[in-house]
Amino acid sequence: MGTGDSTMGPGNILILMALLHSGAAFLKSEAYFNETAELPCQFLNSQNLSLNELVIFWQDQKKLVLYEFYLGKENLNNVDPKYMQRTSFDQNSWTLRLHRAQIKDKGVYQCIIHHKSPTGLVPHHQKDTELSLFANFTEPEIVQMSNVTENSGINLTCSSGQGYPKAMKMYFLLKLENSTELEYEGVMQTSQDNGTELYNVSISSYVPLPDGVSNVTIFCVLKAKSMKSREIEICSKPFCRVPRQPSPIAHQPSWIIAVILIFLILCGMACCLWKRKKKQRIVVSNKETTRMEKDTNEETEERMKIYVPERHDREVQCAV
């Protein structure tokens, strides 16, 4: 590092790590994806050493240098290109800030301080920090894959993305009108972006709708790990379902109309038959009346034929 006697070979670095790393506990540092991570050095400087007497640098687990402060000045000669223009050193807190942190930046970092002495650089302090990265998943989104089936169920898929680390669980949550809650899990599919290393997750599931329930509200819930080992749940917007289809109640008016039409048709047919039979009875009655009248007239005429000539004969005889 630096020029002249600041240069250290791999062997010297390994000796330094062996001397200072034994018994040293890792510091824990956490950061969100694409934000600023802090890599503390925790140097107390009890001897009140001047920065002009120190060589301070940070390196990652691959021994690539992030930043170097050499005897009071920044030295960019040894900084790896992947960290160039991404760091800033806070001299008050002895902390290096890594800007635009990426998932691939997770790992162990070392802050190493050498003291410039007449005999050369002397290892003076080392602190290891384990950096963890997090990214919150996007709000889950529910998509209906088909209409309600004959079995009163629905096929749904839910997806979320841009998260890290991997999601722990994803499921559908049904909230019924009577405050009952039901959970339905599907097979969780996970994929990782090759560039950002962020995860995308989705599930698909057949969700049955309970009988006798007028309203169902469905949520998609994603359970993931957040900073400070917290477990968080991210819910989708509510996906509401009206009473299941097909519904017998919805078809009731059609059945009523059909029954009424059938009833009216039967009544019409019965009325026509009744009128036809009535007309037939009237015709038969008229025929019988006419026949009776005819028989009466014929009988009267017959009597007249019998009695009138006899009276006429008597009159003729008397006249004689």
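The values are calculated or read from the model by the stated rules, or taken from the named source; none is laboratory data. Note that the coordinates shown come from a computational prediction; the quantities given were computed from them, not determined experimentally. Here the Cβ positions follow ideal geometry from the backbone for every residue, glycine too, while neighbour counts run over all protein chains shown. With ligands, DNA and RNA removed, areas are computed over all heavy atoms of the protein, side chains included. Shrake-Rupley method; radii C 1.70, N 1.55, O 1.52, S 1.80 Å.
Of note:
- Ranked by the mean number of other Cβ atoms within 10 Å of their residues, highest first, the peptides 114-121, 204-211 come out as 204-211, 114-121.
- Candidate lysines for bridging to Lys73, where Cα separation is under 26 Å - those fewer than 8 sequence places away on the same chain excluded: Lys62, Lys63, Lys82, Lys116, Lys127
- A cut-off under 10 angstrom between Cβ atoms defines the neighbours of Ala167, and their net charge, with Lys, Arg +1 and Asp, Glu -1, is +4.
- Cα centroid separation - region 183-226 against region 85-100, whole Å: 39 Å
- Values of log10 I(q)/I(0) for region 147-240 across q = 0.10, 0.20, 0.22, 0.25 Å⁻¹ run -0.31, -0.96, -1.09, -1.29, by the Debye formula with one identical scatterer at each alpha carbon and no solvent.
- Heavy atoms of the protein chains alone define the surface here; on that basis region 62-180 has 48 Å² accessible area per residue at 1.4 Å probe size.
- Fully extending the segment from Glu177 to Lys275, taken as 0.36 nm per residue of separation minus the present Cα-Cα distance, adds 29.5 nm.
- Kirkwood hydrodynamic radius over Cα pairs of region 79-149, then Stokes diffusion coefficient at 20 °C and 1.002 mPa s, in µm²/s: 129 µm²/s
- Value of Rg to Rh for region 56-185 (Rh from inverse mean 1/r over Cα pairs, i.e. Kirkwood): 1.31
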